[in-house]
1. Test I33 against the stated conditions and say whether it is hydrophobic (A, V, I, L, M, F, W, C) and closer than 27 Å to L5 by Cβ.
2. Quick one: in the range 37-55, of everything that is open to solvent by 100 Å² or more (accessible area, probe 1.4 Å) and at pLDDT below 95, which residue is nearest to I15 (Cα to Cα)?
3. Looking only at the range 1-36, count every residue that is more than 27 Å from I61 (Cβ to Cβ) and within 13 Å of the chain's Cα centre (by Cα) and tell me the total.
4. Could you pull out every one of the helices (runs of 4 or more DSSP H) wholly within the chain that has 3 or more residues that are of a type in the set (K, R)?
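The values are calculated or read from the model by the stated rules, or taken from the named source; none is laboratory data. No experiment lies behind these values; they were computed from the predicted model shown. As a convention, Cβ positions derive from the backbone with ideal geometry for all residues, glycine included, and neighbour counts pool all protein chains shown. Accessible surface areas use protein heavy atoms only, side chains included; no ligands, DNA or RNA. Shrake-Rupley method; radii C 1.70, N 1.55, O 1.52, S 1.80 Å.
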Amino acid sequence: ASPDLNPIERVWDYIRQKISQRARFPTTKEATIKAWHEEWSNIPLEVTDKFIRDVKHRIEIVAAQEG
């Protein structure tokens, strides 16, 4: 399977992980939406920059697999 080339997919995974690590996991739709908004607002710029920088490496992996 080829790695995902879209950095936003890695952001969604990052947010899911942050929410799952919360002391109080959201149990309602409203709480989940609020948690997603909070985590989106708090993503460090270094994290998104890394996801974007990694795209070149991920493309190289796909090319090596002739994907």
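1. Spelling it out, it is not the case that I33 is hydrophobic (A, V, I, L, M, F, W, C) and closer than 27 Å to L5 by Cβ.
2. The selected residue is I52.
3. Looking only at that region, the number is 2.
4. Helices (runs of 4 or more DSSP H) meeting the threshold: 7-20, 45-64.
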